[in-house]
1. Filter the range 26-37 for residues that are open to solvent by less than 50 Å² (accessible area, probe 1.4 Å) and modelled with pLDDT of 95 or more and give the result.
2. Taking into account only those residues within the range 67-92 that are over 16 Å from Leu35 (Cα atoms) and of a type in the set (A, V, I, L, M, F, W, C), which is surrounded by the fewest Cβ atoms within 10 Å (Cβ to Cβ)?
3. Taking the criterion of being in contact with an Asp or Glu (Cβ under 8 Å, 6 or more places away or on another chain), of a type outside the set (A, V, I, L, M, F, W, C) and under 27 Å from Phe92 (Cβ atoms), would at least one residue in the range 43-54 satisfy it?
4. Can you name every residue in the range 44-60 that is surrounded by fewer than 16 Cβ atoms within 10 Å (Cβ to Cβ) and more than 17 Å from Glu21 (Cα to Cα)?
Amino acid sequence: VYLEYNDSKVNDVMTHGGMAEIIFSPAGDMSKWYLTGLLNWLESDLDYLDYTSATLHAGYLLRRNLRIVTEFTQTFSGTSYGKVSAGFISAF
């Protein structure tokens with residue numbers, strides 16, 4: 001990997017991380033609603049690449065191909081902040 005960082009060339013950068021997701025659907029694939037949780041974690045020798053966040057997502061199935069969703073994500077790296085999203089998803 002070749003990167004430029006603060007006007008110097010960086011040849012070797014060690015980066016590692018992971019993610020985990022959990023899905024809760026009370027009636028399995030017959031549920032009208034579901035919850036998901038997601039964790040993201042990334043650490044690198046270059047501090048500006050470090051990233052950690054957690055997301056909670058809730059959805060409700062209106063029809064087979066139409067659902068209402070809402071989501072909250074909290075980012076813990078750098079300046080910590082949260083964001084909220086809401087909307088609907090369709091597929092035809």
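The values are calculated or read from the model by the stated rules, or taken from the named source; none is laboratory data. Nothing here was measured: the structure is a model prediction, and the numbers come from that model. In this analysis, Cβ positions are derived from the backbone assuming ideal geometry, glycine residues included, and neighbour counts consider all displayed protein chains. Areas reflect the complete protein model, heavy atoms only, side chains present, ligands, DNA and RNA absent. Shrake-Rupley method; radii C 1.70, N 1.55, O 1.52, S 1.80 Å.
1. Tyr34, Thr36, Gly37
2. Step by step, filter the range 67-92, then rank; the result is Phe92.
3. no
4. Residues satisfying the conditions are Ser44, Asp45, Leu46, Asp47, Tyr48, Leu49, Tyr60.
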